1. Please find, within the range 108-166, the residue that is surrounded by the fewest Cβ atoms within 10 Å (Cβ to Cβ) out of those that are touching a Pro at 6+ places or on another chain (Cβ under 9 Å) and at pLDDT 85 or above.
2. Restricting to the range 213-243, what's the tally of residues that are surrounded by 14 or more Cβ atoms within 10 Å (Cβ to Cβ) and either under 18 Å from residue 261 (Cβ atoms) or of a type in the set (Lys, Arg) (or both)?
3. Would you call residue 90 among the hydrophobic types (A, V, I, L, M, F, W, C) and over 21 Å from residue 19 (Cα atoms)?
4. Within the range 329-344, identify whether any single residue is at pLDDT 85 or above, part of a helix (DSSP H, G or I) and small (Gly, Ala, Ser), and answer yes or no.
5. Residue 413 is checked against (1) within 20 Å of residue 104 (Cα to Cα); (2) surrounded by fewer than 16 Cβ atoms within 10 Å (Cβ to Cβ) and fails just one. What number does that condition carry?
6. Residue 21 - would you say it is under 24 Å from residue 469 (Cα atoms) and touching a strand residue (DSSP E or B) at 6+ places or on another chain (Cβ under 6 Å)?
7. Can you confirm whether the range 467-476 contains a residue that is within 48 Å of the chain's Cα centre (by Cα) and within 25 Å of residue 127 (Cα to Cα)?
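The values are calculated or read from the model by the stated rules, or taken from the named source; none is laboratory data. Owing to the predicted nature of the structure, the values given are computational and were not obtained by experimental measurement. Cβ sites come from the backbone with ideal geometry, for glycine too, and all protein chains shown count toward neighbours.
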Amino acid sequence: MILELHAKNFALFDDIDIEFSDKMNVITGESGSGKSLFLSVLKSLLGEKNEFLTEKSEIESRFLIDDDEFVVNLKISPSRMNARLNGEMITLAELKKYVGNWMDIHNQGISQILKDPKNHTKFVDIFSSTVPDRIKKYRIFYDKYVEILKFINTDESANLEVEIENISQEIENIEKFLISDDEYNAIKDEYKKQSGIADILRTIKEIEYMISGENGIEFIMGLVLKDVREIEKIDGHLPFSQESQGIEESLAELKKHIADYANSLEFDQEKLYELEEKISQVEKLRRRYGSKLSDVNDKLNELKSRYEKLNEMNVKLKKAREEFDTLAEEMKELAFEIKEMRKSAADELVKRINENLQDLLMKNAHISFIQKDTDFTQDGKDQIEFTGSMNPGMPEISISKIASGGEISRLYLAIESSLSSKLPIPTLVFDEIETGIGPRTSDVVAMKMKEISKHTQIIVITHMPQIAAAADKHFKVQKYQSNENTYSTIDEIDGKERQAEIKEMFGKIPSK
């Protein structure tokens, strides 16, 4: 609840310094005295900017929430607002969040809490005597459910099996071709040797062709020897006859030596291809993972570590999915129980609300609810939304969409009165709740507010003396002029001053 409110230079209010009752507080004053301006001060605590301000102003309020005190400080200029909570700077969004949980303003019939359909389920739950305990049990499963769901839906988990398969193939490819530096050097030496033998054999084939091939040395020597023999027939004492015969024998011996040398060479064409492939694969590894084979080996160890980690995660993921399915089944059963309990509680709450509407002389108004199935939430698997109609023949719509006005304020009062001590907010502020009602209804409204104020602090801005008379504290807003300037003040009144104010609010009773 709000304990104190202080403001300086807030439009017509030069200074506000008041302490509220923890029960029912009323604000009265003549039309145009500044009651709406005072409501703007309260709205500022919710981060709402004010069009009345032309100068810098300051607001300070002290709240008591669950035995803890919170001090809100605002510094407001026409263009901006700065907020602090217990001395710490906070954003306007944070201000609205904090104070919005402490104070709800019914301005022109609109309750910010009841306006949000998400809160309707909460009202039913706090009204019920059985739902909260069942939700408490359900949330034990739900918290675990959310934790597992987050784990299952992480980016890492989503492609886990694909990544495991890719890493496995990568490890297999590296292990298939990775060798030590010594092995690699030996392969390169052997490849160099085999490549050299291949070159030698190609050269030998060329030599053999030059010797024995078409128009080769043998063919030419044959022609030479043939001519030599023809000459010998004429001159039997040729001086080079023996040398020519020696050349023929030498050529034959050369061919034999060349053939023997070629046969002595150990050449394996398939082995050469195999060595080329090994060297090619090793070079691919080096291009991909590092210039040194030790770099490739480091990458292999890194991949193995990652593979092991992912496998462990995959095992956990499979177990998590199994646990997730089990949790979902258990939650379904509890959620169904909550849904049934919630429906019974909503039936009873709506019954009370409609009774309160009758008390408030809203004969044509009627409230009911719809219950929708949802996905799993922290509150179960269904949602309640209040619906209603203010006039006969009109379709029921969500109460969050019913037009504003005093009639709607009384509708919300009927709901809040039905919740009574179980209202989820410490302070309620009402404005214009008496619009369109007479003295008899005002008596009922005052009674309902008084009942609510036993458990929830109420601040009501009113013109109705019946409501003012029910208050525990009464504040009066007045306007005056000084040095050609207009000011508003708000002060607590009691005793005879209060009696006079309430009497004046009743107005003059005409004589017969």
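1. My answer is 122.
2. Residues flagged as surrounded by 14 or more Cβ atoms within 10 Å (Cβ to Cβ) and either under 18 Å from residue 261 (Cβ atoms) or of a type in the set (Lys, Arg) (or both) within the range 213-243 amount to 1.
3. Taking the combined requirement at face value, the residue satisfies it.
4. The answer is yes; a qualifying residue exists.
5. Of the numbered conditions (1) within 20 Å of residue 104 (Cα to Cα); (2) surrounded by fewer than 16 Cβ atoms within 10 Å (Cβ to Cβ), the odd one out for residue 413 is (2).
6. Yes, satisfied.
7. No: zero hits.
Table: residues versus (1) touching a Ser or Thr at 6+ places or on another chain (Cβ under 6 Å); (2) among the hydroxyl-bearing types (Ser, Thr, Tyr).
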residue: 415; (1), (2): no, no
residue: 424; (1), (2): no, no
residue: 431; (1), (2): no, no
residue: 438; (1), (2): no, no
residue: 448; (1), (2): yes, no
residue: 487; (1), (2): no, yes
